[in-house]
């Protein structure tokens with residue numbers, strides 16, 4: 001396998017991969033290229049603090065009291081000024097929808113727990129829990145079964 005990288009600031013960015021057959025590597029490359037928006041962080045606000053939140057440090061983004069909130073790996077909650085649907089377009093592909101008002105970093109989900117009511121909760125490494133809707137859980141199961 002050969003690899004070639006040409007950096008030319010005057011040309012439009014383009015990625016071409018020539019392969020003999022599709023594989024898990026080519027699918028991973030395609031997912032990476034398609035999900036890359038050029039950004040790797042968003043701004044979060046808490047009391048008098050403004051902080052750059054790296055995507056990989058965010059565990060969950062949810063709506064609380066009509067505000068978009070990001071929960072980081074330490075369990076801190078930051079207000080985000082962007083709308084959830086706008087964030088969904090710029091976030092990497094490892095952010096998955098877990099209910100109507102929440103996106104989760106699937107790399108930061110520790111486990112899924114069943115609740116007494118029969119529902120499912122996503123439990124994150126920081127200890128934060130968020131409800132997973134039945135429709136979204138079915139999609140998550142299909143995604144993991146395809147691995």
Residues 136, 60 in order from fewest to most other beta-carbon atoms within 10 Å are 136, 60
Across 10 Å bins from the origin, how do the percents of Cα pairs in segment 1-85 run, short distances first? 13, 34, 22, 22, 9, 1
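Over all distinct alpha-carbon pairs, what is the Kirkwood Rh of segment 66-127 in angstrom? Don't jump to the answer; show the numbers that get you there.
On the way: mean 1/r = 0.0786 Å⁻¹.
When all Cα pairs of segment 66-127 are included, the Kirkwood radius is 12.7 Å.
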52, 73, 9 arranged by Cβ crowding within 10 Å, fewest neighbours leading: 9, 52, 73
In deg cm²/dmol, rounded to 500, what helix-only [θ] at 222 nm does the chain give when every DSSP H run of at least 4 residues adds -39500 (n - 2.57) and the total is split over its residues? -6500 deg cm²/dmol
Springs between alpha-carbon atoms under 10 Å, Gaussian network over the chain: tell me which of 29, 109, 16 tops the mean-square fluctuations. 16
Which of 118, 44, 75 fluctuates most in a GNM of the chain (C-alpha springs under 10 Å)? That residue is 118
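Given a Förster distance of 35 angstrom, what is the FRET efficiency for residue 117 paired with residue 26, based on the Cβ-Cβ distance and rounded to 0.05?
Details: r = 42 Å, r/R0 = 1.20.
E between residue 117 and residue 26, to the nearest 0.05, is 0.25.
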Would you mind computing Rg(Cα) / (2.2 N^0.38 Å) for the chain, counting N as its residues? 1.22
Checking 71, 19, 123 against a Gaussian network model of the chain (alpha-carbon springs below 10 Å), the top fluctuating residue turns out to be 19
Efficiency of FRET from Cβ geometry, residue 89 and residue 49, R₀ 30 Å, rounded to 0.05: 0.70
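Quick note: the coordinates plus some simple rules give every number you see, no bench work behind them. Note that the coordinates shown come from a computational prediction; the quantities given were computed from them, not determined experimentally. Quick reminder, even Gly has a Cβ in these numbers, built from the backbone with ideal geometry, and neighbours come from all protein chains shown.
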